[in-house]
Amino acid sequence: MNLYEKIKKLCSERGISIAHLERETGISNGQIKRWAKSSPSVENLKKVAKYFDVSLEFLADDNAKTTDPEMTEDIRIMQRAAQNMSEEDRKKAIKVFEAFFENWEDMTKDNKD
């Protein structure tokens, strides 16, 4: 799924049009449709990512699903907070989680075995 298709699907999931997204983000009328064949500016891509509360990596990944049904709003908030933390704050947060959860090691295992 290319960038334009992904954005179109995100709009559909929100019940909005591409034109509405452009108006809300201040992107020129018809600009997003052109992204099917050309690359957007980083600034415009950031606007779309912020609007949909997704990462730039998510938008750039052709294999990423548009919606993770298991990701609730509170998880998205925590993910966004983690992405915006300084390295020092991230280390402090990990220490808090380690102290708070008795099963932290089990919770953080990669179950792709």
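Derivation of every value follows stated rules applied to the coordinates shown; laboratory data play no part. Predicted model only: the values in this text are computed from it and were never measured. Neighbour counts run over all protein chains shown; Cβ positions are idealised from the backbone, glycine included.
Length gained on full extension, residue 109 to residue 91: 4.7 nm, using 0.36 nm per residue less the C-alpha separation.
Magnitude of the charge dipole for the chain, about its Cα centre and with charges confined to Cβ atoms of Lys, Arg (+1) and Asp, Glu (-1), is about 820 debye.
Taking the C-alpha atoms only, the angle from helix 42-52 to the longest principal axis of the chain is near 70 degrees. Using a cutoff of 8 angstrom between alpha carbon atoms and counting only pairs six or more residues apart, the relative contact order for the chain works out to 22 percent. Summary of packing: across the peptides 30-36, 5-11, the per-residue average of other C-beta atoms within 10 Å ranks them, highest first, as 5-11, 30-36.
Mind sorting out which of (1) 17.2, 52; (2) 14.9, 42; (3) 13.6, 45 is the real Rg and Dmax of the Cα atoms in Å computed from the coordinates? Computed from the coordinates, Rg and Dmax of the Cα atoms in Å corresponds to (1).
To the nearest ten degrees, helix 87-100 and the longest principal axis of the Cα atoms of the chain are 50 degrees apart.
Taking a ≥ b ≥ c as the square roots of the eigenvalues of the Cα gyration tensor of the range 18-58, is the shape rounded (a/c under 1.5), prolate (a/b larger than b/c) or oblate? Cα axes put the range 18-58 in the oblate bin. When the chain is treated as a Gaussian network with alpha carbon springs shorter than 10 Å, the biggest mean-square fluctuation among 49, 19, 99 belongs to 99. A cut-off under 12 angstrom between Cβ atoms defines the neighbours of residue 97, and their net charge, with Lys, Arg +1 and Asp, Glu -1, is +1.
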